[in-house]
């Protein structure tokens, strides 16, 4: 091989390596942008998990307060029922009215459709379900972010070493990250590894 052919061969190899480095650099930029978007989604999901956890805890605290009030009303109704019947008609009517009020309060604390224990428990369970689904979404976005991060590392290594296989692996990991991010958004239970 002549020195001119060798020089041409060397130039072609240098151009090919330079083109590969440019592709790797572009891939790093794309993966970094996708990573940033995914990390924003992770943060939003984490905030939502905290909000739903607080709302569920608040609801369960309200439920507990209603339970205490219901128990007190039932106890007072039981106490009023055990007292001697007064002979005075006015006192007997007053006692019956008080007993009915305590029993009514106990029933209202349990079954009020808007603010009874059953309604509050339903709200609390709803917040817990939302929290769990959002937590799965956060985990899915975390998995997507990890895929993008590893892809960035491999693309950077490809630019340094001119190894085509590393660039292909980086592209595949970027595609996996995109798939995981889409799954985390649409079907969070599928994006959790």
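Quick note: the coordinates plus some simple rules give every number you see, no bench work behind them. Not measured: the values here are computed from a predicted model. Please note: Cβ atoms are built from the backbone with ideal geometry, for glycine as well, and neighbour counts cover all protein chains shown.
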*In degrees, nearest 10, range 0 to 90: what is the angle between the Cα axis of helix 3-82 and the longest Cα principal axis of the chain?*
0 degrees
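Which whole-number percent gives the relative contact order of the chain, counting Cα pairs below 8 Å spaced six or more residues apart? Could the numbers behind the result be given before it?
Working: 225 pairs, mean separation 59.9, N = 193.
The normalised contact order for the chain reaches 31 percent.
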_What is the angle, in °, between the Cα long axis of helix 164-186 and the longest principal axis of the Cα atoms in the chain? Nearest 10 is fine, range 0 to 90._
20 degrees
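How would you rank 174-185, 157-168, 111-122, highest first, on the average number of other Cβ atoms within 10 Å across their residues? Spell out each step's value before the answer.
On the way: 174-185: 19.2, 157-168: 16.3, 111-122: 13.9.
Result, highest mean Cβ count within 10 Å first: 174-185, 157-168, 111-122.
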*asked:* Suppose R0 equals 22 Å. What FRET efficiency, 1/(1 + (r/R0)^6) with r the Cβ-Cβ distance, do residue 30 and residue 186 give to the nearest 0.05?
replied: 0.55
*asked:* I need the per residue convex hull volume for the chain, using only the alpha carbons, in cubic angstrom as a whole number.
replied: 103 Å³
_With 10 angstrom as the radius, rank 135, 27 by how many other C-beta atoms surround their C-beta, starting from the fewest._
135, 27
*Taking the chain as the reference, fit the longest principal axis to its C-alpha atoms, fit the long axis of helix 89-111 to the helix C-alpha atoms, and give the angle between the two in degrees, 0 to 90, nearest 10.*
10 degrees
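To the nearest 0.05, what FRET efficiency results for residue 80 and residue 111 with a Förster distance of 30 Å applied to their C-beta separation?
On the way: r = 21 Å, r/R0 = 0.71.
Calculated transfer efficiency: 0.90.
Based only on other Cβ atoms within 10 Å, what is the fewest-to-most ordering of 60, 190? Let's see the in-between values first.
On the way: 60 17, 190 14.
Ascending Cβ contact count within 10 Å gives the list 190, 60.
Please sort 30-36, 79-85 by packing, taking for each peptide the average over its residues of neighbouring beta carbons within 10 angstrom, highest first. If you can, show how the numbers build up before the last one.
Working: 30-36: 17.1, 79-85: 10.0.
So the order, starting with the most tightly packed, is 30-36, 79-85.
Do you know the relative contact order of the range 128-192, to the nearest whole percent, from alpha carbon pairs under 8 angstrom that are 6+ apart? Don't skip to the end; give the middle numbers.
On the way: 80 pairs, mean separation 31.9, N = 65.
Worked out over the range 128-192, it gives 49 percent.
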